[in-house]
Amino acid sequence: MFFAGFLWEIFDRTAVSPTARLFVFIGFLGGYTTFSSFGLETFNLVRDGEYKLALYNVLVSNILGIALVFLGFFASRNLGAFFRQELQ
């Protein structure tokens, strides 16, 4: 998820085609963070009566995932600004 935010900022500043964006974000990065495995794991926890763990799984996965997207986005932005400044 960190890389999703990181690459989104880079792609937002450059001329990357929509097709290339789809390939990277859905084809490549999506293969590492499939929603189906998250859903299955949560389902198995609920099925096994592990309600607290299921809730923690949902909350931590979503909150941490979104936080990592933001972190990656801002890290990319700051790193890009640093290198632009160094090249001047």
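With a Förster radius of 22 Å applied to the C-beta separation of A15 and L68, the computed FRET efficiency comes to 0.25. Expressed as a fraction of 2.2 N^0.38 Å, the C-alpha radius of gyration for region 2-87 is 1.41.
Full extension of the chain segment joining F28 with F2 gains 8.0 nm, where the gain is 0.36 nm per residue of separation less the Cα-Cα distance. Roughly how tilted is helix 2-13, in degrees to the nearest 10 and between 0 and 90, from the longest Cα axis of the chain? Value to nearest ten degrees: 30.
Rounded to the nearest whole Hz, the Karplus-based 3J(HN,Hα) values (6.51 cos²θ - 1.76 cosθ + 1.60, θ = phi - 60°) of region 45-59 follow the sequence 5, 5, 4, 7, x, 8, 5, 5, 4, 4, 5, 4, 4, 5, 5, with x at glycine and proline. Between N44 and F83, the distance separating the two model label sites (each 7 Å from Cα on the Cα→Cβ line) works out to 3.9 nm.
Bear in mind that the values in this text are calculations on the coordinates, not laboratory data. Note that the structure is a prediction, hence the values are computed from the model and not measured. Because the Cβ atoms are built from the backbone with ideal geometry, glycine has one as well, and the counts that use them run over all protein chains shown.
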